[in-house]
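Below: one structure, written as structure tokens.
A short reminder: the numbers here are calculations on the coordinates, not readings from a lab. Remember, predicted model here, so these are calculated numbers, not experimental data. Don't worry about glycine lacking a Cβ; one is built from the backbone with ideal geometry, like all the others, and counts go over all protein chains shown.
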Protein chains: 2
Amino acid sequence: MQKKKPDIDRVFHALGDPSRRAIMEKLSAGPISVSRLAEPLDITLAAVVQHLQVLEECGLVQTEKVGRVRTCRIEPAGLSVAQQWIGERRSMWERRLDRLGDLLAEPEENE
Amino acid sequence: MQKKKPDIDRVFHALGDPSRRAIMEKLSAGPISVSRLAEPLDITLAAVVQHLQVLEECGLVQTEKVGRVRTCRIEPAGLSVAQQWIGERRSMWERRLDRLGDLLAEPEENE
């Protein structure tokens, strides 16, 4: 089990696919084997394995094989990287709106 | 100026490109014209225009043309959609860890 360092380009790319987001939604309830993960999803086991590879490569998911069973779990660091980037953009934008609000609230000098 | 409804597939796909994230970073400081936006970025004006189209189509950016100048601004709804999806996954995952912690903290019945 080797942890991949999250790569923000690949994290966002990976989350742009609805099947991969469905896998992440399933995994957020807890670790699960690949075959049980594939059951409720309307895609083949081979496709699930491929999506899992993408999710593991970019640091969103960890998988571990014990005997014949491969178990998958969310790797929270991947989601953190994406959340932090978005949060920073939003907070910059909101600070800007606050400053605009302050400027509008100030009385004009010549009044 | 027509506002696009954010499309989560395309929002994540759009954010997977470093040039588009650089544009979003620039725009989070405030609205700016397309030509001023292109200046510090190491890409052609044509490429910036193309990236802006992708960002506008998925609901991350709004542009407005007044006279000959097209001004771009962040559309916060697009970032909200992505942030909400990630936040929900993380909070499900964290609740699960809390429950595990509670279980481990409970005294065993036969002790």
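Taking the Cα atoms of chain A, the ratio Rg/Rh between the radius of gyration and the Kirkwood radius comes to 1.28. A simple charge model with +1 on the Cβ of Lys and Arg, -1 on the Cβ of Asp and Glu and nothing else charged puts the dipole of chain B at about 1120 debye relative to its Cα centre. Inter-chain neighbour count for A:25-37: the average number of beta-carbon atoms from partner chains within 10 Å of each residue's beta-carbon is 2. Only Lys, Arg, Asp and Glu carry charge here, each on its Cβ (+1 for the first two, -1 for the last two); on that basis the protein assembly as shown has a dipole of about 880 debye about its Cα centre. Principal axis analysis of the Cα atoms in region B:46-111 yields extents of 79, 20, 12 Å, listed in decreasing size. Between region A:18-81 and region B:13-91, the alpha-carbon centres lie 30 Å apart.
Note on A:6-17: average number of Cβ atoms from other chains within 10 Å of each residue's Cβ is 5. Scaled against 2.2 N^0.38 Å for its residue count N, the alpha carbon radius of gyration of the protein assembly as shown is 1.26. Helix B:18-27 axis versus longest C-alpha principal axis of chain B: approximately 80°, rounded to the nearest ten. Taking a straight line from the alpha carbon of residue A:65, these aspartates and glutamates sit under 15 Å away, with near neighbours fewer than eight places off in the same chain left out: A:56.
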